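Quick notes on the structure that follows.
The values are calculated or read from the model by the stated rules, or taken from the named source; none is laboratory data. Keep in mind that this is a model prediction, so the values were computed, not measured. Because the Cβ atoms are built from the backbone with ideal geometry, glycine has one as well, and the counts that use them run over all protein chains shown.
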Amino acid sequence: MHDVIAQGGLPFRATRFWFSLANEPPENCKKNENGVPVDPILAQAIPSPSEALVTSWELRDPLGESSHTIFEHAVRQYHSRVLVRATGQCFLFCRHCFRRSLLPSERSFMDSKAIKALAAYLAVHQEVREVLISGGDPLTAPDASLASLFEAVRSVPRPILIRLCTRTPVVLPQRLTSDLIALLSKMRPLQMVLHINHPKELSQEFMEKAELLLRAGIPLHSQTVLLRGINDAASVLIELFSALNRAGIHPYYLFQGDLAAGTAHFRVPLSKGLALYENLRKELSGLELPRYAVDAPGGGGKIYLPEGIAERRADLWILRAPDGSLHEYPEEG
């Protein structure tokens, strides 16, 4: 594990396994004019000087989660779902992370008080059908801590779907032990959403763990962030989504980049993203094609693209959220 705590901003952390997926060593890798590694694996892990550049559009909390926080670690933005940020820790701190400004203050796993508060909240709010357990990455926690959280959800006397959001099977597949897989299977209904951005991430070790999870009755979905210089080519995304589909992993979302501070060098212009997605719609089957979406800046929720576009005004896109509210998203060069 490579683990360095930087002064300010998002810390650097990555696994040796992650770096083994790259075509060159991180110490002397080739970089572009922005100081970002050219290799798609290294580009997602190694800090660059570009992260210090913050545009006028960028936000500390681009999804507006703070305005939807119901108690410590818990966010409720949608009627039927509660998001639990169980920890701010990750095995890999992705340089494009939209929670990059929030994670350092939430490093430890949620304590028993917060877990009890979650169970009490779910017991009262019968309309909640899903609990999204995210972070950071919840699988950085020990099995016992995860079991306490899962059991708190299962203590509520109605079926609630647990949606486990993680990058661990890709970044550190060795963490998926037989004991952990058995725990996840025991806590069904439970589905796993995996963060996967590039075909290079589909290692043999990951594919073997994915097969074990599927055999244990755990459905797998993927979400991908559209990233400049990493996967913003139709050929790369076609290879990724078709390979995921063949492996039994549902390509769920392709996300337009959030307006997180210090991530402008990763964002693909929305006009290019729309053209790219139109190409994907021609080339991929209905099973292979994810939904293209963007989180409305400041907390308007997910907006599907292109149907959520209300209009374009020069270098500004006007997006319509499901509740009818309008939100601005810049067309960046």
Checklist entry - Looking at (1) in a strand (DSSP E or B); (2) of a type outside the set (S, T, N, Q); (3) surrounded by fewer than 17 Cβ atoms within 10 Å (Cβ to Cβ), which is the only condition Leu194 fails? => result (3)
Checklist entry - When segment 215-240 is examined, which residues are found to be more than 26 Å from Leu305 (Cα to Cα) and either buried (at least 18 other Cβ atoms within 10 Å of the Cβ) or within 20 Å of the chain's Cα centre (by Cα) (or both)? => result Ile218
Checklist entry - If a residue has to be farther than 23 Å from Leu92 by Cβ and of a type in the set (Ser, Thr, Tyr) to count, how many in segment 137-176 make the cut? => result 2
Next on the checklist: I'm told Leu244 meets every condition in (1) assigned to a helix (DSSP H, G or I); (2) in contact with a Ser or Thr (Cβ under 7 Å, 6 or more places away or on another chain); (3) closer than 22 Å to Val38 by Cα except one. Can you identify the failing condition by its number?
Outcome noted: (3)
Checklist entry - What is the residue count in segment 199-214 for residues that are buried (at least 16 other Cβ atoms within 10 Å of the Cβ) and over 22 Å from Phe17 (Cα atoms)? => result 0
Item to check | Pairs where the first residue, in segment 98-116, is under 23 Å from Ser148 (Cα atoms) and the second is of a type in the set (D, E, K, R) and modelled with pLDDT under 95, C-beta under 6 Å, 6+ apart | outcome: Ala114/Glu72
Next on the checklist: Looking at Ala182, Ala144, Ala152, can you tell me which residue is aliphatic (A, V, I, L, M), in a helix (DSSP H, G or I) and under 15 Å from His73 (Cα atoms)?
Outcome noted: Ala152
Next on the checklist: Suppose we filter segment 162-178 for residues that are part of a loop (DSSP other than H, G, I, E, B) and more than 17 Å from the chain's Cα centre (by Cα); how many remain?
Outcome noted: 2
Checklist entry - In this structure, does Ile303 turn out to be touching a Leu at 6+ places or on another chain (Cβ under 8 Å) and farther than 26 Å from Gln77 by Cα? => result no
Next on the checklist: So for segment 119-135 (the condition being within 24 Å of Glu201 (Cβ to Cβ) and in contact with a Ser or Thr (Cβ under 7 Å, 6 or more places away or on another chain)), does at least one residue qualify?
Outcome noted: yes
Checklist entry - What's the number of the condition Gly136 fails, among (1) at positive phi; (2) in contact (Cβ under 8 Å) with a residue 60 or more places away in the chain? => result (2)
Checklist entry - Does segment 113-135 include one or more residues that are in a loop (DSSP other than H, G, I, E, B) and touching a Cys at 6+ places or on another chain (Cβ under 8 Å)? => result yes
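Here is a yes/no grid of residues against (1) assigned to a loop (DSSP other than H, G, I, E, B); (2) surrounded by fewer than 13 Cβ atoms within 10 Å (Cβ to Cβ); (3) among the hydroxyl-bearing types (Ser, Thr, Tyr):
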position	(1), (2), (3)
Leu287	yes, yes, no
Ala293	no, no, no
Pro297	yes, no, no
Gly300	yes, no, no
Ile303	no, no, no
Glu307	yes, yes, no
Ile318	no, no, no
Gly324	yes, yes, no
Tyr329	no, no, yes
Next on the checklist: Looking only at segment 77-100, count every residue that is of a type in the set (Gly, Ala, Ser) and either surrounded by 22 or more Cβ atoms within 10 Å (Cβ to Cβ) or over 19 Å from Ala321 (Cβ atoms) (or both) and tell me the total.
Outcome noted: 2
Checklist entry - When residues of segment 17-67 are filtered for being within 18 Å of the chain's Cα centre (by Cα), among the small types (Gly, Ala, Ser) and exposed (fewer than 14 other Cβ atoms within 10 Å of the Cβ), how many remain? => result 1
